[in-house]
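Right, one structure below, let's go through it.
The values are calculated or read from the model by the stated rules, or taken from the named source; none is laboratory data. Just so you know, these numbers come straight off a predicted model, no measurement behind them. A quick note on method: Cβ atoms are made from the backbone with ideal geometry, for glycine too, and the neighbour counts reach across all protein chains shown. Surface accessibility is based on the protein's heavy atoms, side chains included, excluding ligands, DNA and RNA. Shrake-Rupley method; radii C 1.70, N 1.55, O 1.52, S 1.80 Å.
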Amino acid sequence: MIPKMVLLVVAMTLSILAADSNRLRVLLIDGQNNHDWRSSTPHLKAVLEASGRFTVEVLTLPGKGGDMAAVKPQLDGVAVVLSNYNGELWPEVLRSAFVDFVRKGGGFVSVHAANNAFAQWPEYNEMIGVGGWEGRNEKSGPWLYWEGKIVRDASPGPGGSHGSQHAFQMTTREPKHPIMEGLPLEWMHAKDELYDRLRGPAKNLTVLATAFSDPKTRGTGKHEPLLFTIAFGQGRVFHTALGHNNGPDLTSQKCVGFITTLLRGTEWAATGRVTLPIPTDFPSATEVRSRE
Ligand code: ZN
């Protein structure tokens, strides 16, 4: 006779395995960034895994001047790629595998300065929709603003800037989108960089949320799009321009609004659906809420 305790342990192990097999596999890419990726990657991984919906593998690319030729794409069985990378161009083997992956229906999530990367890589810029810095200008595509609808401004000028860091209010522009459905129309985001004047091809792009870039904080005086979805081939992209970090304090990424939209955006990019709930500690229109 098998002792009850053993049966219980076997049953528990099987249920954990079953739960794990239902989890969506995320490949998080890092290794170069003008931000502190060594502290943000473990944070992003912990946040994603704590939701119970994801398992996260990390692909850390070589540092500047390192041997990119040795990189293996590792995309088999992956549901969604999350980039926490802003640096040297990925090797051709990874670029082509990644484009193929998204084009055939894979998900992609771009976090903060991942939208600074790869100004010269056309498919990547189509995936992120808009980006900043690294020589971006009118040749990269229009600026986007929100004036009751998306305005595309093709005037000449650089792409990408931000004023001084501060907490700011986010405004939902697509309340029926699965990522945004049920969220408050306005919520206070923790101290962060408010990216402005991003520009890019902006094809097949939906603006989910904007924030007013106040001239008092050296902003543009416009409602700047900060959360996006983009369709690329059969694939889905969730792009959050939020999430600046210079060090391990991670203030912007501990915001419950950042966390919730990241989780729901990652699930949507992977599956086209959102099952993850809106937490009860979601920020109000005037009050930042953060998690340690
Ligand atoms: Zn930043």
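Couplings for region 71-78, taken from phi via the Karplus curve 6.51 cos²θ - 1.76 cosθ + 1.60 with θ = phi - 60°, read 6, 10, x, 6, 9, 4, x, 7 Hz in order; Gly and Pro are left as x. Report summary: the helix-based calculation at 222 nm, which adds -39500 (n - 2.57) for every DSSP H run with n ≥ 4 and divides by the residues of the chain, gives -7500 deg cm²/dmol.
Put a plus charge on the Cβ of each Lys and Arg, a minus charge on the Cβ of each Asp and Glu, and nothing anywhere else: the dipole of the chain about its Cα centre is then about 400 debye. Between the residues ASN246, PHE282, LEU198, the greatest Cα displacement towards the positive end of the dipole of the chain, with unit charges on the Cβ of Lys, Arg, Asp and Glu, is found for PHE282.
Counting only protein heavy atoms and a probe of 1.4 Å, the accessible surface of region 152-292 is 50% carbon and sulfur.
The fraction of accessible area contributed by carbon and sulfur in region 52-145 is 50 percent, rounded to a whole number (1.4 Å probe; ligands and nucleic acids excluded). In this simple spin-label model, placing a label point 7 Å from the Cα along the Cα-to-Cβ direction at both THR275 and GLU138 gives a separation of 4.9 nm. For the chain, lysine pairs separated by 8 or more sequence positions, or belonging to different chains, with Cα-Cα distances below 27 Å total 27. Compared with the direct C-alpha span, the chain from LYS72 to LYS149 gains 23.6 nm at full extension, assuming 0.36 nm per residue.
Accessible surface computed residue by residue for region 83-190, with neighbouring protein chains in place and a 1.4 Å probe, gives 40 Å² per residue. For region 151-190 versus region 69-91, the spacing of their alpha-carbon centroids is 27 Å. Among ASP153, ASP67, the order of accessible area from largest down is ASP67, ASP153, computed with a 1.4 Å probe on protein heavy atoms. Size descriptor for the chain, Kirkwood hydrodynamic radius: 19.5 Å (Cα pairs only, one decimal). Amide H contacts under 5 Å for ASN116: GLY132, restricted to partners 5 or more places along the chain or on a different chain, H placed in the peptide plane at 1.01 Å from N.
Converting phi to 3J(HN,Hα) with the Karplus coefficients 6.51, -1.76 and 1.60 and the offset θ = phi - 60°, region 123-129 yields 5, 4, 5, 5, 5, 7, x Hz in sequence order, with x at every glycine or proline. Note: relative contact order over region 75-145, using C-alpha pairs below 8 Å and six or more positions apart, is 32 percent. Taking the empirical scaling 2.2 N^0.38 Å for compact globular proteins as reference, region 52-206 has a Cα radius of gyration ratio of 1.13. Placing +1 on the Cβ of every Lys and Arg and -1 on the Cβ of every Asp and Glu, with no other charges, gives region 131-231 a dipole of roughly 240 debye about its Cα centre. Three principal axis extents describe the C-alpha atoms of region 148-292; from largest down they are 42, 37, 30 Å. So what's the net charge close to LEU226: Lys and Arg +1, Asp and Glu -1, counting the other residues with Cβ under 13 Å from its Cβ? It works out to a net charge of -2. Only protein heavy atoms count here; on that basis, with a 1.4 Å probe, GLU123 has an accessible area of about 60 Å². What's the longest bit of the chain with no exposed trypsin sites (Lys or Arg not before Pro), using DSSP loop states and at most 10 other Cβ atoms within 10 Å as the test? The segment 177-272 is the longest one with no such site.
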